[in-house]
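**Q** The structure is given below, and queries will be raised subsequently.
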Amino acid sequence: MTNSRRDFIKQVSVTGAALATGALASSCTDKNNAPCGVYPTTNGENIESTLIIPKAQGLKITGAFLDEISHDIPHQNWGEKEWDQDFAYMKAIGIDTVIVIRSGYRKFITYPSEYLMNKFGCYMPSVDLIDMYLRLAEKYNMKFYFGLYDSGKYWDTGDMTWEIESNKYVIEEVWKKYGHYKSFQGWYLCQEISRATKGAIDAFGSLGQQCKDVSGGLPTLISPWIDGKKAVAAASGTLNKAQAVSVEEHEREWSEIFDGIKGKVDACAFQDGHIDYDELDAFFSVNKKMADKYGIECWTNAESFDRDMPIKFLPIKFDKLRMKLEAAARQNYDKAITFEFAHFMSPQSAYLQAGHLYNRYKEYFNLK
């Protein structure tokens, strides 16, 4: 390399460094005498939004799903370091419960299940995520709910009884493998329904009872969706459908389901994103009335992703999340959980706006 070329590269490097630090003199300055494109920092000044609505009127989110299968949202490829940081972020805003949304979906699984690999040809995971989550839950003093296996046969056939057989072995295997962790505090029956579904009562009842039997009565949770106007397939390009369930139909069908699963399912967290915002109170009040009648805890699954956009799925607008949490508070719901923190609320999410949602949430609830 010639001396002149070395001098040129050195000059470019020095100039670039000076620009980066704002040290390069410029004839173009703003009113604060800062060079063009270089602005003074806030010096750690605590700047907050000026809210014109009352703060902290919603039900705080105290639970979060963990979705490491990520079959319809992008995988973030986190290792234990990133997950540890995310548990710290969750803990900082009062989350005390984490729920694995499913321990496997079709051939991808979250732990080295000999049964699932032999029976369904599931792929060996590189990390035992269930063990990791249980350890992190203990570290941050959180309750861990294990989500069952989803073979996909229910989605293919519409018959939930397919899921009973495979999960009988998963429940036994998992409790034997991980039941010694003190953070293992519940079960999530991961099969999702919206209305009266073939085999639903039998499946929820059978699986819920088995979970309780093997674990000494640990609580069970389900999270169905409301068959509202926004209940369209994730792969669909549409945002709404013409036929949506009425409040009366919803109450009639779910009263029958609740009556059939009472004593075997302890909590129900309806997904809140499939109805419009002016429908929240009508459906939420019916959900609470039914849950109270049949002795089931009434939670809400406050979806932190936006169903109102053609791009599926991005973090939700803060006001939408706020309105849903406020509706849950008005109806005296027992707990709010979210799907799901890591992608849609975490400051380290692949989506930049997720961290902003985290900040707006903290402002609204006066969290530091």
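**Q** Can you tell me how many residues in the range 282-295 are touching a Cys at 6+ places or on another chain (Cβ under 7 Å) and open to solvent by less than 10 Å² (accessible area, probe 1.4 Å)?
**A** 2
**Q** Could you count how many residues in the range 236-248 are in contact (Cβ under 8 Å) with a residue 12 or more places away in the chain and either open to solvent by 50 Å² or more (accessible area, probe 1.4 Å) or of a type outside the set (Gly, Ala, Ser) (or both)?
**A** Of the residues in the range 236-248, 5 are in contact (Cβ under 8 Å) with a residue 12 or more places away in the chain and either open to solvent by 50 Å² or more (accessible area, probe 1.4 Å) or of a type outside the set (Gly, Ala, Ser) (or both).
**Q** Among the residues of the range 116-127, is any in a helix (DSSP H, G or I) and of a type in the set (D, E, K, R)?
**A** yes
**Q** Moving on. When the residues of the range 42-73 are filtered to those that are under 18 Å from residue 337 (Cβ atoms), of a type in the set (A, V, I, L, M, F, W, C) and at pLDDT below 95, which remaining residue is most open to solvent (accessible area, probe 1.4 Å)?
**A** That would be 69.
**Q** Against the conditions (1) buried (at least 22 other Cβ atoms within 10 Å of the Cβ); (2) at pLDDT 95 or above, where does residue 124 fall short? Just the number, please.
**A** Only one criterion in (1) buried (at least 22 other Cβ atoms within 10 Å of the Cβ); (2) at pLDDT 95 or above is unmet by residue 124, namely (1).
**Q** May I ask you to list the residues in the range 146-195 that are open to solvent by 40 Å² or more (accessible area, probe 1.4 Å), under 29 Å from residue 249 (Cβ atoms) and either in a helix (DSSP H, G or I) or among the β-branched types (Val, Ile, Thr) (or both)?
**A** Of everything in the range 146-195, those that are open to solvent by 40 Å² or more (accessible area, probe 1.4 Å), under 29 Å from residue 249 (Cβ atoms) and either in a helix (DSSP H, G or I) or among the β-branched types (Val, Ile, Thr) (or both) turn out to be 153, 155, 156, 157, 161, 162.
Let's see how each residue does on (1) surrounded by fewer than 18 Cβ atoms within 10 Å (Cβ to Cβ); (2) among the basic types (Lys, Arg):
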{"position": "274", "(1), (2)": "no, no"}
{"position": "278", "(1), (2)": "yes, no"}
{"position": "307", "(1), (2)": "no, yes"}
{"position": "310", "(1), (2)": "yes, no"}
{"position": "318", "(1), (2)": "no, no"}
{"position": "329", "(1), (2)": "yes, no"}
{"position": "333", "(1), (2)": "no, no"}
{"position": "339", "(1), (2)": "no, no"}
{"position": "365", "(1), (2)": "yes, no"}
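**Q** Right, something else. Looking at the range 220-236, is at least one residue aromatic (Phe, Trp, Tyr) and over 17 Å from residue 276 (Cα atoms)?
**A** no
**Q** When you go through 273, 260 one by one, which is the residue that is within 21 Å of residue 186 (Cα to Cα), of a type outside the set (Val, Ile, Thr) and not in a strand (DSSP E or B)?
**A** Testing whether each residue is within 21 Å of residue 186 (Cα to Cα), of a type outside the set (Val, Ile, Thr) and not in a strand (DSSP E or B) leaves just 260.
**Q** I need the full set of residues from the range 322-366 which are in a loop (DSSP other than H, G, I, E, B) and more than 17 Å from residue 84 (Cα to Cα), in order please.
**A** 331, 332, 333, 334, 339, 351, 365, 366
The values are calculated or read from the model by the stated rules, or taken from the named source; none is laboratory data. As the structure is a computational prediction, the values presented were derived from the model and not from experiment. Here the Cβ is made from the backbone with ideal geometry for all residues, glycine too, and neighbour counts use every protein chain on show. Side chains included, ligands, DNA and RNA excluded: accessible areas come from the protein's heavy atoms. Shrake-Rupley method; radii C 1.70, N 1.55, O 1.52, S 1.80 Å.
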